Every structure is written in structure tokens, then in C-alpha cells.
4 protein chains.
Amino acid sequence: MVLSGIFPALTTPFARDGSVSLTDLKHNLHLYNQTDLAGYVVIGSTGESVLLTKAEMDAILVAAREAAAKNKKLIAGTGAESTAETIERTKRAAELGYEVALVKTPYYYKPAYKPSVLIAHYRRVADESPIPVLLYSVPQFTGVALEPAEIVALAEHPNIIGIKDSSGNVQRVTETIVQAPPSFQVLVGAAATVYPSLAVGARGAILALACALPEKCVALYELFRQGHHEKAREVHSLLVRASKLIVSECGIAGVKYVMDQRGYRGGLPRLPLLPLQDEQKKRLSEFLLALEPAAMRA
Amino acid sequence: MVLSGIFPALTTPFARDGSVSLTDLKHNLHLYNQTDLAGYVVIGSTGESVLLTKAEMDAILVAAREAAAKNKKLIAGTGAESTAETIERTKRAAELGYEVALVKTPYYYKPAYKPSVLIAHYRRVADESPIPVLLYSVPQFTGVALEPAEIVALAEHPNIIGIKDSSGNVQRVTETIVQAPPSFQVLVGAAATVYPSLAVGARGAILALACALPEKCVALYELFRQGHHEKAREVHSLLVRASKLIVSECGIAGVKYVMDQRGYRGGLPRLPLLPLQDEQKKRLSEFLLALEPAAMRA
Amino acid sequence: MVLSGIFPALTTPFARDGSVSLTDLKHNLHLYNQTDLAGYVVIGSTGESVLLTKAEMDAILVAAREAAAKNKKLIAGTGAESTAETIERTKRAAELGYEVALVKTPYYYKPAYKPSVLIAHYRRVADESPIPVLLYSVPQFTGVALEPAEIVALAEHPNIIGIKDSSGNVQRVTETIVQAPPSFQVLVGAAATVYPSLAVGARGAILALACALPEKCVALYELFRQGHHEKAREVHSLLVRASKLIVSECGIAGVKYVMDQRGYRGGLPRLPLLPLQDEQKKRLSEFLLALEPAAMRA
Amino acid sequence: MVLSGIFPALTTPFARDGSVSLTDLKHNLHLYNQTDLAGYVVIGSTGESVLLTKAEMDAILVAAREAAAKNKKLIAGTGAESTAETIERTKRAAELGYEVALVKTPYYYKPAYKPSVLIAHYRRVADESPIPVLLYSVPQFTGVALEPAEIVALAEHPNIIGIKDSSGNVQRVTETIVQAPPSFQVLVGAAATVYPSLAVGARGAILALACALPEKCVALYELFRQGHHEKAREVHSLLVRASKLIVSECGIAGVKYVMDQRGYRGGLPRLPLLPLQDEQKKRLSEFLLALEPAAMRA
């Protein structure tokens, strides 16, 4: 199971009444199917998974599976606080045809989650999982970071194939790559760090930004792969700006707003996440206009 | 609704097969009913609520309601990540006879959870809740702290009656008390800070430690209330040591272990939380022996 | 050497041309001599010691020694980054008649300053010091906190008599008091935590706020000592507000501004510290007016 | 003034009696002169500048100036806590023939050091400095980080030519490069981030590790410059390991120890920094042996 390239961390579209809109989700996937995205991450952090019911998660997994083109790899977010529920979700994802489980760290009982606890958790999950496990470290949300020592210990497990490191910490990424076996696949989760991370050996990225600007994210990956470093750096510069403005400053609501402007179906986030304020919308619109004056997709 | 005194944050006992043991829960409550504990907090952080299924939470709420003596106040932990689910859980708790809802902050999308977002979330919950709401700030678990400015803004809501501040930060506690209206009730959640917090006007405490050492926690409260400061300080010293050793160093597993030693039914925590190591058990046993050489309950 | 009561951490007045004004310093001390302050801390953090030359520090130590009433205890701030310079400064302070050396942690090479390094540093300083040493932990400035384990280890040294803990962390303060020998003296450095810290056994406080509001700080201490808890709590409430507004929000410039309004000589801080903005001055003036409408000293 | 390539942050050698050894310093410089290092940073963080007296700093600046080959650029660390002393040190360095002043942020009064304060400080220093100023952000030591917004504001000053960012935060580095004018030069200070930072447009690096392994650091830079990415990545991997083991785990004492093993004169650090423990020495020696089995320089 090779995980190279760019994967969007899919957003979850909600209808006016607040329910999940599977129609809008499929609409987005049909558009994404036409790009060179490597695959999809379903019900990850960007998918507002922590705001969904179990039934909603199940329905989304089914719908995304149906709408995804055959050549796209399918990764399901299955991490829960309890080990048992993580295993249950992972088995269900496998049953539904997902090929990889993206398992975030548990994160509530932080003082108790010492390295040995995290390692025992992941080993148990990997033992029980019918599909390969991708570790997921996202300290800006969880307050828990997987450090190279733990990652390297877990890389020995035959069913743990890599990590999505969303910390934005390229030093940690490069230490992980240097210390882990060559087969261990490191993907990053912060758009501004994709290019420097590819430079030190990361395989690709799982990005919220790729929901809104899939072509640009894919272009960066392809330019890097072909050794066009000058052009890659240009696209990288654009993604650094875009990522700061859209993802860092406006969050999921920002990603969804830009999706709406570009022909995808973003919609509003679920409470407690609030919609954008007018001033934020204005800044995003101006950025988009500067980005593609003649070619506004919508 | 006056919330003075000491409330244990009840642990959730699990049977050998890992299922919730309502029998053990009721056993504990029958013992607690004979003390001067002011009431009970059910499915809070210490209750491993984030590791329970919805059905389990429901069963625990029902069982605790049944077993609790009539004179004990009943508080249910109802905070979830999504506003809608928090409201749903709160309504359900009210339906089952709970008198107060303890609502922890949402905590996953930290960069998005600006003060305005947290305030909007709590207002919405308080608007919809049939019972009074107690704010709950527990940054050591959530990475999100409610600051005096937000708390004071929320204190204006007629259905928000107070806060459980588990930060251990007495400076924040005293700033909150000084700035909020006198009717706003502040309880603390760290045993080592109960006595200094009472000194500056806190009404009481919700404590994991009170599951294991209810008499001592109650004694501190009563001694303070009666102005016996010298003796209060002695009990305080003991609780500082106990809290560090049992709660800070050994976590929920430590609380449960001490419960087992003292005639309550603690049992093991649920994964990913691990059982104590032998060396930890030894230190806890030694501490208990020094505490009550002649009167080991078990 | 008993260190009970309230000590102001003296500010350093600067003349119009930016040089140290020993005249203004002595003016302040003559006023403070008439209060029940227990003594003075000279060239501590509030004294902008890190912005002074060696010659200036020496001149201030001499001038304060001369101006201080005989019944006031004299404490000199002598902590420097290097162990050798700390010892040199400590010896010089002893030579000039200071009775206690207040020694802040070194704080530049944080990753290297493991507990063993801090312990070795303090032991070396205490071995060489002709006067008793008071540890000084002020993590909001240094990023380095002395934890109870280190403090307790250092409390065994016969020439280390106590600690000034400015962290505002009452839990750490109470853990230190519970674990250290009874003779070890704990003073706090955050005005909002004085009352709860006295409640758990602290001996007193070293406060920037006591430069501006000495009578109020002394009143809190006396009311506590005499067991007038109701009235103590009232003064405490006032100091919580004052400390937040003056010290936390406006810093040394705020303390100096309030001193100027109340008949002391505050003046401006040294660069890079900036003077207050008009809006800050206005809020401080309003607070003072509410505090003592009839009795504005200036 | 173009600052490309690798600069060692020179260590300060001490003689047996603890005094500065200018002889050893010159010995090291004579060896470094034979490499392709771009120049030298004198009395920076690695030079234990915060542990030196003013007279020692002056003597070191003079000696390094004398010993440095003509083609090496000379940068002096001149940042102090006070603005006035920073300016004084900067002028003195210029007088002694240094071409660039490396000015770390002030860092004691952290709560007061808001962006506006840092910007005012640097502008004042740059106004007064006879030589170009290089900003210096090293949050692991100072607890203060310069963020892209402040850096970009300061980049407008004609006498501020760039920044040494030692945070190890490549995301911040790349955001700075994308936002600042193209003439603004970004150097990094963490060996593990040199290669990914060069990839996104950094000009070079100022490294403690370059005191111990100058050839390897220079090799990385040259391989990158010539587009030999495969080989660059190999050297990068080696530097990631070396940096973690020598600099992160063993600090300045580790750098000095490795220097001693390789024919330079390292010696011991000054207190409170402690010498290495035997176990650390053993690990460093093993690493060096693996690094260059046949060619141990000493």
C-alpha cells in the first residue's frame, strides 16, 4: 500500500437543515475524480468527524466509497478516544472497502497518555485492524504529539505503514524519516510544509487545502517529483499564502467558503464552529480573485 | 440551586469482561450516601465518560439516580464536542432527574475556539437546557481554559449558575470570584487547591479524590466552614500529599486502586488507560497504611 | 533570619536624562520607612535590574542601604546567568550590608538547565555566600520554574532559607510548603495569590504592587495574621483587581505611573520597556479615584 | 552584504583556570580558515556570551578579528536586554571591524514584550548601528519568537538585512521568506532544518554544529547549491542524527567535546553549564567512530 501524492481531507457538507448532505459530498467527489489527487481521506479532522453521530459517519463512508473513482485510494479516519471504539470503527471502515485507517492519538487524559500508553494503544489497534494503519499526530487539535522515538517503535509493527504528521514541525518530520525504516511512509498535514517535507523524503500530504485548491496542491507534488524546483517553489509560495489565509486564519469554515466560490459544495460548518464573518469572506474573495482573475470556476 | 460542599466525581466501575458494572456503582453510592458528601457528579472526566458508549452513559445515569440518597444533589456531565449533542445529552439528563448539567468546553478545534465561539456555544446550551448549567474548565485534559473575561460574560446568563474550574490555578479562581456576581458559584476540581480556594470564596469542590477519601475531603470543608483553620490546614496538608500521589501521579487507575483498598469498588480503567504498575501500587499502599494504620477499611 | 510580612520589590527611578535617580529612590524609601513594610528587595525584577550596568546596581545598593530604616530587612537581588557572577554579586551585597540574597534561576540555556544543573548552581552559590540565600522562581520572566522536588532538595542546604515563588501557582506553593521542612520560608510574588498562599502557610510576599499600594498590601497581611478573615477577603478582592490592572496589564510602567499619582517617584521605565499609552493611564487614574476618592495623596 | 553559506557560531574556549583562552580560539579559527565556511559568528549563544564579562567579550572580538582570514565575513553577537546596551555593544563591534551585528530579542520582561515593543527596540538599534543588523529569534533559549508579521515590518528598515531564525520551525521560516522582500536574507540556526530551509529559499545557516563538523555542514550547502539533491539528502540525514545527538542532547558541552575529538579546542563550558557525563561522552565517541572510522582527526 503506497501512499504517495496529495490526498484531500474531505469536508462534510451539511444541508440547510443541518443534516449531512450526501448529494453535495458526491458532487465534490465527482469533481475531484477528474484531478490527479491520489485518493481521499474520509471523516478526518477536516470532515468535522468529532461533530458527527455514528450513523452519519457510516453514511458518509458508504457514500464516499460509492462516488470515488476506482483509481483513488480510500483512507478512513477511525481514531476514537477508547481503544475498543477505535478498533470497532476501523473494522467497520475495512468492511466498507476502505484500504487504510488513519488513527489519531487519543487525547483527553493527556497526563496519563505517556509514550508507553500511546504505543500500547496503537499496537492493540494495529493487531486487530484488517487494514493497514496510518498513525496520525495533530497536536494543534489534540495537544498530544507523537515524537520520533514512539513513531520509530511503532514503525516496527507490520500493520503500521506510516504517519500523517500535521504538526507543521519539519524538524520532527525529518527526524522521523531519518530514524524510521525506509518503507515507513511519512505524509504531512500542513500545506506550508509540503514542499520542504518532500525535500527531506516525505511521500506526500493529506490536506484540508486540497479540498479547495486541489490542482495547485497536485501541481506542487508533480513539479517536485519531476525535479522542477524553481517552479515548485513558486507554487509553494502560493500555497503558503493560501494556507495561512484560508486554513490557519479561517479554519474549516474558510475551506468550505472557498470551495463554494470554486464550484465545489462547501456550505457551513456545524456548531460550535461558527460561519465566517463578512470581513473574512472579503479577504478570501480578494485572494481568489488575485489567484485566478480570468478563470473563476463558479 | 446551591452547590456548596464536596462532590465526588464518580468513577465508572467495569466488570471483568470490560462491561460497566452497575452493581459496583450502586455499592459505592450506598457507602457514599452515609457520608456528608453534598451530592454526586455522574459521568464526568473521572467517570471515563469519553470512553463510554451512549447506551452505557444512559445506564449509568439511571443507576446512579436510583442509588443516590434523596438529600444528595445530582449533577450530570453532559458536555460533548458538538453543540447539538451537548444539548441532547443535557435534556436527557434532565429527563432522568438530574438537577444540574456540568458542561465541559468543546476542545478539538482549538485554533477555532476563540472566546466568542465558546461564549456562543454555552449560551446556546444554556438557552436550551431545562436545568441549570455549570461551566467546566479542565485545561489539563482539554487544552482549553475558560478565562475570567469569558466566565464573567457567561455568568450573566440566568441559566448558568457557576463553574467547576479544575485548572488548579487559584489566581484564575480568585479573579473569577472577584469579577463575577456574588451569586455565581465557583467550585474547584483539584484537591490541593480546595482549602486556598475556599479561603478566597469558592463554594466547594468536585473531586476525583473524594471517591477514594470522601471523609477527609468532607472534613476539610467542614473545618473550614467552622473556622477551625489550624485543623483545616492539617487536613489540607494530607490532601495535598494524597492528591499528588493518587491523582496526579497515578490518575484514574490510582483513584480506583485506592477505592479497592478502602472497601469501595474501583476496578480497572478502560483502555487506552493502563492499570497501575506494581511499584505504583506499592507506594499507594504504603501511603494508605501511614494514613490509617488501625482502620484499614478493607 | 525570619522573612514574614510584605516586602516591596523596589522600582528603580530614572531621571529625565535616563540616568538612575538616587534622590528619587531615597525619597520613596523615606516614605516606605513610615509604613509597616517588613523590609525591601533591592534590584529585583521590578527594579529593572537586567537593564542596569554593574556600576548602577552598586550605587543603588548603597543608596537603598543608607535610606532604609534600621528595622527594615534588606534583601538584594543577586542572580546572574553565570554561577561565578552570581557569587560575586552576592558577596558584594553582603559587603554592603544586605542580609539576604534573592537569587533567580539562570534562564538562557533552558534545554540544558535540567533539575540537576539548577541544584548544582544553587548549592555552589549557597556554599560561597556570606549571607542566607532565598531561591527565586519567576517563570513568567525566565521560562524556568523551580518545582517542589528541586526546592525540597535545596531546602536541605543550611544557607538556603526559603523561596520567593512568583509563578502565581498556589498548587505549587502549597506542595512546596507541605513537603519542605517547617523552617523553610515560602514567600509569594503575585499579589492576587497572597491571601490564599498565607492560608496554606506562606510567610509573606515580595510584591511590585507594594511599591504603589504599600498600606493595602500590609493591611492584608495584618488582617490575616489577626484572623480577621472577612475583612482580609475584602482587601484581597481589591488587591486582585489592582494587581490585574496595574501589574499584569501595565507592567513596571504601570507600577511607576501609580507611584507618581500617589506621591512616590515612579517615572518612566528604561527601553526596551515603553511608557504607558494614554488609554492605560486613564484606566489607572479611574481605578485610583475609585479607590480613594477623598484621599488622593498627590 | 550577502550572507550565503554556512557560518559556525563559535564556541568560547576556556583555560584550565576558567579564564578565556584566546590561544585556543585562534587555533580553531586557523583550522576553520582552511574550510569553505562563509564566515564566523563571534560571541553568539554558542559562545556562552551570557556567561562572559564585558572585558572578555571585547577580548574575544579582537582576537577573532585578528585570526579570521580576510575572505571570511565577520558577524558579532551584540544583543543585550537593554536597548542602550545593545546599541553600545553594536557600535563597539563595528569599531572592531565586524561587518554585521546579530541582535537577539530582549527576553526577560516577556509579558511586556509585545510585537510593538520588539519592533521599536529593533528600529532604535538599527537606526543607531553603523553596520547592518541581523535579527535573531531563538525561542528555545529566550522564550520569545519573532513572528512573520513583526519580521516583515522590520524588513522595511534599510539597515535590517535579514534574520537568523533558530526556532527550527520551517513553517515560520517559509512564511517569512514568502512575505518579506526578496532582498531580506533568512538564515536558520538548527542543523536539522538547513536542507528543507534551503529548499524554500533560506540563504544559509549559522550553526553550533559547524564548530564540530564544518566540512559536513559546508558539503550540504554546496551539494544543494549545485542541485545534487540525492547526495544532499544523504548529508542531511547525517546532520540530522549528529545535530540531535550532539547539540540537542548534549548542548554546548557536547559541541565542545566533539571539537576536542576532532582536533579543535573545545574544552569545558562555564558554570552553571555542566561537563558531559561519561555515558554521554561514550555515545558521542561511538557516533564519531561510525562517522569517520579511518580518518579520526585527532
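Cβ crowding within 10 Å, taken as a proxy for footprinting-reagent exposure, orders C:Arg225, D:Arg124 from fewest neighbours to most as C:Arg225, D:Arg124. The rule of thumb for compact globular proteins, 2.2 N^0.38 Å, goes into the C-alpha radius of gyration of chain D 0.94 times.
For D:Gly79, nonlocal amide neighbours, meaning residues 5 or more places apart or on other chains whose placed amide H falls under 5 Å from its own, are D:Lys104.
Counted by neighbouring Cβ atoms within 10 Å, the residues C:Ile163, D:Ile160 run from fewest to most as D:Ile160, C:Ile163. Using the alpha-carbon positions of segment C:5-98, Rg (one decimal) and Dmax (whole number) come out as 12.7, 37 Å.
Counting only the Cα atoms, segment A:124-209 fills a convex hull of 96 Å³ per residue. Close amide H partners of D:Leu207, meaning residues 5 or more places away or on another chain with modelled amide H under 5 Å apart, are D:Phe7, D:Ala9. Taken residue by residue and averaged, Cβ atoms of other chains lying within 10 Å of the Cβ of C:265-273 number 5. The amide H of C:Lys73, built 1.01 Å from its N in the peptide plane, has C:Gly39, C:Tyr40 as neighbours under 5 Å, considering only residues 5 or more places off or on other chains. Please give me the summed charge of the neighbours of B:Ser21: other residues whose Cβ is under 15 Å from its Cβ, Lys and Arg +1, Asp and Glu -1. For residues surrounding B:Ser21, the net value is -1. Summing charges over neighbours of B:Pro214, with a neighbour being any other residue whose Cβ is under 10 Å away from its Cβ, gives 0 when K and R count +1 and D and E count -1.
Under the combined filter of DSSP loop state and at most 12 neighbouring Cβ atoms within 10 Å, segment D:90-163 retains these GluC sites (Glu not before Pro): D:Glu156. Averaged over the residues of peptide C:188-201, the number of Cβ atoms from other protein chains lying within 10 Å of each residue's Cβ is 5. Taking a ≥ b ≥ c as the square roots of the Cα gyration tensor eigenvalues, segment B:222-264 comes out prolate, since a/c reaches at least 1.5 and a/b is larger than b/c. Going by neighbour counts of Cβ atoms within 10 Å, the residues D:Lys70, B:Lys281 line up, fewest first, as D:Lys70, B:Lys281. First check a/c for segment C:56-158, with a ≥ b ≥ c the square roots of the eigenvalues of its C-alpha gyration tensor; if it is under 1.5, answer rounded, and if not, answer prolate when a/b is larger than b/c or oblate otherwise. Cα axes put segment C:56-158 in the prolate bin. Using θ = phi - 60° in the Karplus curve 6.51 cos²θ - 1.76 cosθ + 1.60, the 3J(HN,Hα) couplings for segment D:264-275 round to 8, 10, x, x, 9, x, 8, 4, x, 5, 9, x Hz; x is entered for Gly and Pro. Distance from the Cα centroid of segment A:118-138 to that of segment C:13-79 is 61 Å (rounded to whole angstrom). Here is how far apart the D:His228 label points are across copies: 2.7, 8.2, 8.2 nm, shortest first, using a point 7 Å from Cα toward Cβ. Size descriptors for segment C:143-298 (Cα atoms only): Rg and Dmax, in that order, 17.1, 51 Å. Sequentially through segment C:225-237, phi angles give Karplus couplings (6.51, -1.76, 1.60; θ = phi - 60°) of 4, 8, x, 8, 5, 4, 5, 4, 5, 5, 5, 3, 4 Hz, Gly and Pro residues having no value and appearing as x.
The modelled label-to-label distance between D:Glu95 and D:Asp36, using points 7 Å beyond Cα along the C-beta direction, is 3.8 nm.
Karplus-derived 3J(HN,Hα) values for segment A:145-156, using 6.51 cos²θ - 1.76 cosθ + 1.60 with θ = phi - 60°, are 10, 7, 9, x, 4, 5, 4, 5, 4, 6, 4, 6 Hz; glycine and proline are entered as x.
Take B:16-22, C:11-17, D:183-189 and order them by the average number of nearby Cβ atoms within 10 Å per residue, most first; the result is D:183-189, C:11-17, B:16-22. Taking a ≥ b ≥ c as the square roots of the eigenvalues of the Cα gyration tensor, an a/c ratio of 1.5 or more together with a/b no larger than b/c marks the protein assembly as shown as oblate. The alpha carbons of segment C:188-246 give a radius of gyration and a Dmax of 10.0, 28 Å, in that order.
Projecting 7 Å from Cα along the Cα-to-Cβ direction, the label point of D:Gln34 sits 6.5, 7.5, 8.6 nm from its equivalents in the other copies, listed shortest first.
Every number in this text was worked out from the coordinates using simple rules, so none of it is lab data. This structure is a prediction, so every number in the text was calculated from the model and none was measured. Ideal geometry is used to build each Cβ from the backbone, glycine not excepted, and the neighbour counts take in all protein chains shown.
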